[in-house]
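Novice: Structure provided below as structure tokens; questions to follow.
The values are calculated or read from the model by the stated rules, or taken from the named source; none is laboratory data. What you see is a predicted model; the values in this text were computed from it and never measured. All Cβ positions, even for glycine, are placed from backbone atoms using ideal geometry, and neighbour counts span all protein chains on display.
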Amino acid sequence: MNNLNSDRLDLQQEAILDPNIQFTNPVSEYLTQPQAILLTGATGLLGCHLLTELLRNSNADIYCLVRSRNPDGGQERIEQSLKAYGLDQEVERSRIIPLVGDLGQPLLGLSTETFQELATKVDVIYHNGAYVNYAYPYERLKAPNVLGTVEIIKLASLVKTKAVHFTSSISVFFSKAHGSAKEILETDIPQYHPSLKGGYKQSKWVAEKLISSAIARGLPGAIYRPVRIMGHSKTGVMGNVSDLLVTLLKGCIQMGKYPAATASINLVPVDYVAQAIAGLSWQTASLGKAFHLSNAQPLAWEAMWAGVNSAGYQLEELSEPEWMKELETFANKYPDNKIFALLLLLLSSPHKLFAEKPLFCDHQTQAGLANTSVTFPPVDGQLIATYCKYFQKSGYLGDGKLEGEEEKEAKKQKKTSGFWKSIKGNMSRQRRMTIKPFPREGQIPLSFGQERLWHIDSLNPENTVHNLHASYQLDGRLNISALESSIQEIINRHEILRSSFPIVEGQPVQVIAPEIQFKLKVIEGEDSEIPKMIEEQSQQPFDLNKSPLIRFLLVKVTDTKHYLLRTAHHIVTDFWSDTILLKELASLYQAFTTEQEPSLPKLPIQYADFAQFQRQWLQGKNLEYQLDYWRTQLSSDISILDLPTDYASATIASYQGASHLVKIPAEVTKSLKSISHSEGVSLFVTLLTGFKTLLYQYSGQENIILSSPVAGRYLAETKKLIGYFSNILLLNTDFSNDPTLQELLHRISEVTLGAQKHQDLPLQKIVEEIGISDGIVSRAMFTLQNAPSQPKALGEVNLQLLEKKDEKNANFDISLSVREVDDTLIALFRYKIDLFTEETITKFANNFVSLLNRIVRQPETHLSELPLFKDDLAVAYKQKDYVAPRNETEQAIANIWAEVLNLNNIGMHDNFFDLGGRSLAMMRVYNKLRCNFTIEVPVLELFQSPTIEEMANYLIVSNSKSA
């Protein structure tokens, strides 16, 4: 591609791709299931929606090229854009990786090292970024729009050949070369003609030509040509209010008049464009093709203005010449109103707007989307009304009235709409926080989450319910020494892996060992022995007083086949830490086996810094802000989930569990995604609606509350740390007034969004500050797994994660974990075997699938119209008649129980665990009994005396013995 050497612009010369760019490297094996994606233009309207779709429908890490001073600023820009466009907040943000760069700079504004690293990691590139300015000449737009595209093509050719999905524009056809065409096919090639005017159109024409040349040389790529992109089809949220059509709408509303025309307008909602690009890009059949993202039935001019009128405006129709004259009058009368001056400029050639355009056929697009859940939303007057209502809400349109000079002067630049104030207020409350290293002086506290686990563990140190384990098969010639050195380096690197948690002055603290000499245990074994070894390793308890709280076992089967078994206590790790550990292990192993220096960047903070920061930050106004929300959510008449069980609750809380797996058919999975898209909710919400509705059917309770885990890594500094960051959100849904399933989808979506915006507050603080029963937390849990991508190899050794077999532990009475495998949802029900039989859970799971079918096929069904499932569970334990406390000791114990469990009228024979008490709640009872009765009470005795009568008898006997 040649540079400009003269005043004459030769677009055909500009579109010649450097012949040195070739695609000779092997094609990435992850083109349709990428592990890493590069996205440009992520902060724009389409880019934000595309980012959301990619996060929803892939497990890839997404590198977002963004202009900023630093990664923190880049992350903030992305977050602000997502919030401004009102996008789903349920996506896992830990997979968004801001990449500070610039499309207009060589190597995308990245260092040579970063550019090369990106070339190694990324499998697919979505080149959506461009500088959009319809007034700038080509020369001003060449660097970001054309030279930036060249850099993207270069990147795609390096190390491994990557797929490139390029967002072009339908305007590449807006020249006399296609002027007489009645319809333009996706296979038509945009021809050059000097009549193609406007720097933006010219830059997109050149960029598309460059991409096409690269595809001809072997680049696996696709081109997407959207027509005019408008706001979201459900919310109306739009980013570009300077668009000609939007400007025309506002000007006509303020004038109270619109021009008559026979034209039609080709519009596409942004959510459809993003869904279509994502849906097509997952298919290898899309590579090498171009796609028109257009409306097969353009919106009639009259229908558009009918939509405006239905939004509350009454506009008069004028002929085009009359309307133009009125426009000039208004421009003279209101010289400071830029809208009219802009309209005059844009409409200096009105035939360009009002003339009929060719039909942009989208046969390839529709064929590609036929087997997906993507559907084209109706583009009609109602959609225009939705846009107008959004503009009203945002303050862009106001009431449509024009102000005189005095009114304008009084209000000039002063008024900010309540809509935008709420967004700014929310951004202020959730302002960027920075964690800095704390001095290692005095005692280091536990984080709130760690403290909760520590207390549970202290009640039964031999319990292994918080052991997290993973097992990997290693195929190839393994360098055991390099593997051992790699693990040693990870332990050196992360303080948390050198931490223990003893009691000092009555409180648990973190003690960080300066160093730990790690020795990898290696034994020989057979394939058939591995399941038993995994169970033995996972069921071996840890002593929290001793570090490290992680262990590895390497089993050698042959010289080229090994198994690596890893077990760690939850207090030092979580689900997301697994990926961090594996990525670091792969990087370090590669370095040690090739005798290179490890190149992992230094960690800016350690987990102990997070723990100290969390305790300092969650005070005062920050704590009250979080608590205000949760008090509101949990202040209603909530009660412990009361499912009928096959067996009575155990005297001592048990974590013995089993699991039951059910596959949700592919066609149902597809329908679930489809209704999620059409209702504007996430798949998480749709599945959660099915599960909560099932719990409602069994319990008959109108408030259904359950737990749902989140990654808890909302601060950039935590994303590369191993440690326990995950938190549990309490999701409370009101099932009263016989709602439809469709209404429940939106109720549950609203609750989920609110909870995720207030996830800073650890569950431990909610329990302590609000005083909710521990039983509310431990009854039911739901999660939709969205695992980050993990390395597939250690150097030349293939690495495969072994599927976990039947778990022997259950933290909750019943839980549901869903994941997607090959377009099919896999639902895993885990349950406590001392409460439910396998037969009961099998029926429960089948009923869940039935409810999902009802949601996708008959979402208008009311709860009262659903079949009753309650008879499927046998009620084995009936509540005893109430017997009041008879003496001061019994009354004192009853008062303590009432406070801890948030219950009234607790009787003599009520069982603590049947009332919802669990380990943490009993610990609170234990502390209060010690204070009230000034006697040391063994915790185990309390578990063995679970009624007020038994507990009082024990205390009376103990007192008499001490006397």
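Novice: Would you tally the residues in segment 211-220 being surrounded by fewer than 24 Cβ atoms within 10 Å (Cβ to Cβ) and either at pLDDT below 95 or not in a loop (DSSP other than H, G, I, E, B) (or both)?
Specialist: 4
Novice: Please go through segment 832-841 and give me each residue that is loosely packed, with under 15 Cβ neighbours inside 10 Å and in contact (Cβ under 8 Å) with a residue 40 or more places away in the chain, ordered by number. Please lay out each step first, then the result.
Specialist: At the first step, the residues of segment 832-841 found to be loosely packed, with under 15 Cβ neighbours inside 10 Å are 838-839.
Listed by number, the list holds a single entry, E838.
Novice: Considering only residues that are in contact (Cβ under 8 Å) with a residue 60 or more places away in the chain and more than 40 Å from the chain's Cα centre (by Cα), look in segment 172-199 and name the one that is nearest to D362 (Cα to Cα).
Specialist: Filtering first and then ranking leaves E183.
Novice: Given the residues F812, F829, which is the only one that is of a type in the set (A, V, I, L, M, F, W, C), touching a residue at least 24 places away in the same chain (Cβ under 8 Å), within 26 Å of L468 (Cβ to Cβ) and out of contact with any Lys or Arg (no Cβ under 8 Å at 6 or more places or on another chain)?
Specialist: Among F812, F829, only F829 is of a type in the set (A, V, I, L, M, F, W, C), touching a residue at least 24 places away in the same chain (Cβ under 8 Å), within 26 Å of L468 (Cβ to Cβ) and out of contact with any Lys or Arg (no Cβ under 8 Å at 6 or more places or on another chain).
This table checks each residue for (1) of a type outside the set (D, E); (2) in contact with a strand residue (DSSP E or B) (Cβ under 8 Å, 6 or more places away or on another chain); (3) closer than 24 Å to Y30 by Cα.
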site	(1), (2), (3)
P144	yes, no, no
T167	yes, yes, yes
S171	yes, no, no
F174	yes, no, no
S212	yes, yes, yes
G218	yes, yes, yes
S233	yes, yes, no
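Novice: Do any strands (runs of 3 or more DSSP E) lying entirely in segment 230-328 carry at least 3 residues that are at positive phi and not hydrophobic (A, V, I, L, M, F, W, C), and which ones are they?
Specialist: In segment 230-328, no matching strands (runs of 3 or more DSSP E) lie anywhere.
Novice: Looking at (1) of a type in the set (A, V, I, L, M, F, W, C); (2) assigned to a strand (DSSP E or B); (3) crowded, with 21+ Cβ neighbours inside 10 Å, which is the one condition that is false for F552?
Specialist: (3)
Novice: Related question: Across segment 41-51, which residue is surrounded by the most Cβ atoms within 10 Å (Cβ to Cβ) among those that are in contact with a helix residue (DSSP H, G or I) (Cβ under 7 Å, 6 or more places away or on another chain) and assigned to a helix (DSSP H, G or I)? Talk me through it step by step, then tell me what you get.
Specialist: Let us first name the residues in segment 41-51 that are in contact with a helix residue (DSSP H, G or I) (Cβ under 7 Å, 6 or more places away or on another chain), namely 41-43, 45-46, 48-50.
Adding the requirement that they be assigned to a helix (DSSP H, G or I) leaves 45-46, 48-50.
Details: L45: 24, L46: 24, C48: 26, H49: 28, L50: 26.
The extreme case among them is H49.
Novice: Suppose we keep only residues that are among the hydrophobic types (A, V, I, L, M, F, W, C) and farther than 19 Å from A60 by Cα within segment 101-138. Which one would you say is modelled with the lowest pLDDT?
Specialist: A135
Novice: Could I ask something else about it? Which of the strands (runs of 3 or more DSSP E) contained wholly in segment 720-836 include at least 1 residues that are within 25 Å of the chain's Cα centre (by Cα) and in the same structural domain as S671 (by TED's automatic domain parsing)?
Specialist: 727-734, 780-784, 814-821, 824-832
Novice: Name the residues in segment 95-114 that are within 25 Å of the chain's Cα centre (by Cα) and part of a helix (DSSP H, G or I), would you?
Specialist: From segment 95-114, those within 25 Å of the chain's Cα centre (by Cα) are 95-101; that's our starting set.
Passing the criteria: only R95.
Listed here are the residues, each with its yes/no results for (1) surrounded by 14 or more Cβ atoms within 10 Å (Cβ to Cβ); (2) modelled with pLDDT of 85 or more; (3) over 23 Å from D646 (Cβ atoms); (4) not assigned by TED's automatic domain parsing to the domain that holds N737.
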{"position": "F844", "(1), (2), (3), (4)": "yes, yes, no, no"}
{"position": "L851", "(1), (2), (3), (4)": "yes, yes, no, no"}
{"position": "R854", "(1), (2), (3), (4)": "yes, yes, yes, no"}
{"position": "P859", "(1), (2), (3), (4)": "yes, yes, yes, no"}
{"position": "L863", "(1), (2), (3), (4)": "yes, yes, yes, no"}
{"position": "K880", "(1), (2), (3), (4)": "no, no, no, yes"}
{"position": "A892", "(1), (2), (3), (4)": "yes, yes, yes, yes"}
{"position": "N895", "(1), (2), (3), (4)": "yes, yes, yes, yes"}
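Novice: Then there's this: Check segment 465-483 and report whether any residue there is more than 28 Å from V557 (Cα to Cα), in contact (Cβ under 8 Å) with a residue 24 or more places away in the chain and either touching a helix residue (DSSP H, G or I) at 6+ places or on another chain (Cβ under 7 Å) or assigned to a loop (DSSP other than H, G, I, E, B) (or both).
Specialist: Yes: one or more hits.
Novice: Okay, moving on. Filter segment 710-719 down to residues that are under 24 Å from T632 (Cβ atoms) and not in a loop (DSSP other than H, G, I, E, B), then give me how many there are.
Specialist: Residues flagged as under 24 Å from T632 (Cβ atoms) and not in a loop (DSSP other than H, G, I, E, B) within segment 710-719 amount to 1.
Novice: Another one. Take the residues of segment 711-727 that are surrounded by fewer than 22 Cβ atoms within 10 Å (Cβ to Cβ) and modelled with pLDDT of 90 or more: which is nearest to R452 (Cα to Cα)?
Specialist: S726
Novice: Also: Is one or more of the residues making up segment 201-208 surrounded by fewer than 22 Cβ atoms within 10 Å (Cβ to Cβ), of a type in the set (D, E) and not in a loop (DSSP other than H, G, I, E, B)?
Specialist: no
Novice: Separate question: Against the condition without any contact (Cβ under 8 Å) to a residue 24 or more places away in the chain and under 22 Å from Q450 (Cβ atoms), how does E750 come out, does it pass?
Specialist: Judged against the criteria, E750 is not a match.
Novice: Kindly establish whether L17 is more than 25 Å from G279 (Cβ to Cβ), modelled with pLDDT of 95 or more, of a type outside the set (S, T, N, Q) and within 40 Å of the chain's Cα centre (by Cα).
Specialist: yes
Novice: In segment 620-638, what count of residues is obtained for those that are surrounded by fewer than 18 Cβ atoms within 10 Å (Cβ to Cβ) and either part of a loop (DSSP other than H, G, I, E, B) or of a type in the set (D, E, K, R) (or both)?
Specialist: Counting residues in segment 620-638 that are surrounded by fewer than 18 Cβ atoms within 10 Å (Cβ to Cβ) and either part of a loop (DSSP other than H, G, I, E, B) or of a type in the set (D, E, K, R) (or both) gives 7.
Novice: Next question, about the same structure. If I go through segment 115-151 residue by residue, how many of them are within 27 Å of the chain's Cα centre (by Cα), in contact (Cβ under 8 Å) with a residue 12 or more places away in the chain and not in a strand (DSSP E or B)?
Specialist: The initial filter retains those residues of segment 115-151 that are within 27 Å of the chain's Cα centre (by Cα), namely 115, 117-130.
From what's left, in contact (Cβ under 8 Å) with a residue 12 or more places away in the chain: 115, 118-130.
Checking the rest, the ones that are also not in a strand (DSSP E or B) come to 115, 118-123, 128-130.
Matching residues across segment 115-151 total 10.
Novice: For residues that are crowded, with 23+ Cβ neighbours inside 10 Å and within 30 Å of S538 (Cβ to Cβ), tally how many sit in segment 656-682.
Specialist: 1
Residues checked against (1) in a loop (DSSP other than H, G, I, E, B); (2) touching a helix residue (DSSP H, G or I) at 6+ places or on another chain (Cβ under 8 Å); (3) within 30 Å of N622 (Cα to Cα); (4) at pLDDT below 85:
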| residue | (1), (2), (3), (4) |
| --- | --- |
| Q364 | no, no, no, no |
| V374 | yes, yes, no, no |
| K408 | no, no, no, yes |
| I423 | no, yes, yes, yes |
| N426 | no, yes, yes, yes |
| P439 | yes, no, yes, no |
| L453 | no, yes, yes, no |
| I456 | no, yes, yes, yes |
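Novice: Tally the residues that are basic (K, R), surrounded by fewer than 19 Cβ atoms within 10 Å (Cβ to Cβ) and closer than 26 Å to F829 by Cβ, restricting the search to segment 738-780.
Specialist: 1
Novice: Just checking, which of H193, H165, H127, H178 is at negative phi and in contact with an Asp or Glu (Cβ under 8 Å, 6 or more places away or on another chain)?
Specialist: Matching residue, one of H193, H165, H127, H178: H178.
Novice: Still on this structure: Considering only segment 496-534, state which residues are at positive phi and among the aliphatic types (A, V, I, L, M).
Specialist: none
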